[in-house]
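The structure under discussion appears below in the form of structure tokens.
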Amino acid sequence: MHGAAALGGEFSNYNFPYLFLMYVASLLPIAPLFAIKIISLIGDVLLAVSMAHLVRHYRPYGLEPATAAVVTLFIPTVLLNSAMWGQCDSFYAAFLTLSLSYLLRNDARRAWLLWAVALAFKLQSVFFLPVLVLISLRNRFHLMSPILAAGLWATLSLPPMLFGRSLVSTLGIYVKQSGEDRLVAGAANVYEWFPGVTAAEGRIPALIACSVVLLGIAFAYWRAPDSSERRILLAVCVLAVCPYLLPQMHDRYFFAAEVLSLVFISTRSLRLVPVIFSGTGLLVYVLYFSGNRYIWPLLIASALQAIAIFLLMHELVKKRNDMKKSLLPVSH
């Protein structure tokens with residue numbers, strides 16, 4: 001009804017890129033619900049292409065780029081997220097996947113710029129920031145890359161001001177996205193086991209716990225020779241640990257970890273990880289649509305998530321130890 005001028009309003013807590021896509025879709029001569037879901041399905045295709053791009057460089061045994069793309073399209077949470085729910089998580093996850101792909105290629109500038117695009121779509125892209133910072137510091141990537149990323153994010157995020165929206169209101173969408181009174185909001189994370197703890201009571205301990213675990217992951221990554229495999233392990237570890245240990249997490253915040261873990265489907269020691277993430281993701285979605293009336297399935301899902309995260313972290317540490325052993329002199 002208001003056309004493009006509505007992009008300056010406060011009717012949504014989504015950032016400008018997604019709202020702009022919604023505006024473009026609204027111009028199509030189809031029902032609004034179909035228009036919304038068409039945009040979401042385009043995000044799914046972009047996500048599948050991004051996964052193929054990643055696997056083309058890092059090709060674990062038995063996994064081809066085309067296979068990875070098709071599998072990505074049909075894991076339960078990707079199907080339900082877009083086709084049923086009409087969400088846009090595929091967009092930010094696609095750009096995170098591309099960012100990781102260029103990190104494997106040591107192309108820091110593109111990696112940071114693609115992360116900025118992901119962040120412009122969804123605040124949860126910030127989970128990937130520790131990965132970018134660690135790999136950039138370790139490989140002494142140029143400081144200009146994050147500066148350019150900040151500029152691109154501003155370019156993509158601030159156009160609502162051209163339609164009359166204030167700077168405070170424009171930036172406030174990220175506050176709204178993170179605002180939640182409960183310690184956990186449907187996510188199958190560790191805080192499902194503490195239903196009586198409020199967000200105010202548990203926020204600081206949760207932030208400390210997450211920080212300690214992330215520091216341990218960073219230490220394990222830093223203490224052994226760098227490689228594409230270890231960078232992917234680092235990324236999936238961080239993307240899984242953040243929604244598992246941070247407070248006030250929603251049901252869809254494991255989305256990027258669920259998708260990226262697919263690269264391990266043909267890795268013997270880790271093939272259970274994508275199975276667990278996909279299974280628990282499906283369970284959480286089903287519980288959401290049933291009104292989250294059942295606590296025990298969420299507790300079970302939380303325990304399974306912990307197993308998957310343990311397997312990832314154990315592999316990261318094990319690879320470090322294996323590499324240390326390989327560096328020992330051989331006696332004859």
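A simple packing score, the average count of other Cβ atoms within 10 Å per residue, orders the peptides 297-310, 259-272 as 259-272, 297-310, with the highest score first. Rounded to the nearest 10 degrees, the angle from helix 228-245 to the longest Cα principal axis of the chain is 60 degrees.
So, with a 1.4 angstrom probe, what is the percent of accessible area on the chain that is carbon and sulfur?
Details: 10800 of 15360 Å².
Whole-percent figure for carbon plus sulfur exposure: 70.
Counting only heavy atoms of the protein chains, get the accessible area per residue of the chain (1.4 Å probe) and round it to a whole Å² value. All intermediate terms of the calculation are to be shown ahead of the outcome.
Details: 15360 Å² over 332 residues.
Spelled out: the 1.4 Å probe surface of the chain, per residue, equals 46 Å².
Using the crude model of +1 on Lys and Arg Cβ and -1 on Asp and Glu Cβ, and no other charge, please compute the dipole size for the chain relative to its Cα centre, in debye to 20. It would help to have the intermediate numbers written out before the result.
On the way: 25 positive and 15 negative charges, 193 e Å.
Dipole about the Cα centre, nearest 20: 920 debye.
The long axis of helix 144-157 is offset from the longest Cα principal axis of the chain by roughly 30 degrees. In this structure, Ile42 and Thr155 have a Cβ-Cβ separation that, at R0 = 22 Å, corresponds to a calculated FRET efficiency of about 0.55.
Summing charges over all other residues whose Cβ lies under 15 Å from the Cβ of Ala48, with Lys and Arg as +1 and Asp and Glu as -1, gives -3.
With respect to the chain, whose longest principal axis is taken over its alpha-carbon atoms, helix 199-222 is tilted by about 40°. Taking amide H positions as modeled 1.01 Å from N, with prolines and chain starts lacking one, the residues under 5 Å from Met249 and 5 or more places away or on another chain are Ala185.
Please report, in debye to the nearest 20, how large the charge dipole of region 155-256 is about its Cα centre when each Lys and Arg carries +1 at its beta carbon and each Asp and Glu carries -1 there.
Details: 8 positive and 7 negative charges, 51 e Å.
For region 155-256, the charge dipole is close to 240 debye.
Going by average Cβ density within 10 Å per residue, which order do the peptides 241-254, 98-111 take, highest to lowest? Don't jump to the answer; show the numbers that get you there.
Numbers: 241-254: 23.1, 98-111: 21.0.
By packing density, highest mean first, the sequence is 241-254, 98-111.
For region 104-121, putting each phi into the Karplus relation 6.51 cos²θ - 1.76 cosθ + 1.60 with θ = phi - 60° gives couplings of 5, 8, 6, 9, 5, 4, 5, 4, 5, 5, 5, 5, 4, 5, 4, 5, 5, 7 Hz, in residue order, rounded to whole numbers and with x for Gly and Pro. Ranked by the mean number of other Cβ atoms within 10 Å of their residues, highest first, the peptides 71-82, 216-227 come out as 71-82, 216-227.
The values are calculated or read from the model by the stated rules, or taken from the named source; none is laboratory data. Source: prediction; values computed, not measured. Neighbour counts are summed over all protein chains in view; Cβ atoms, including those assigned to glycine, are modelled from backbone coordinates with ideal geometry. Heads up: the accessible areas ignore ligands, DNA and RNA and are worked out on the full protein's heavy atoms, side chains in. Shrake-Rupley method; radii C 1.70, N 1.55, O 1.52, S 1.80 Å.
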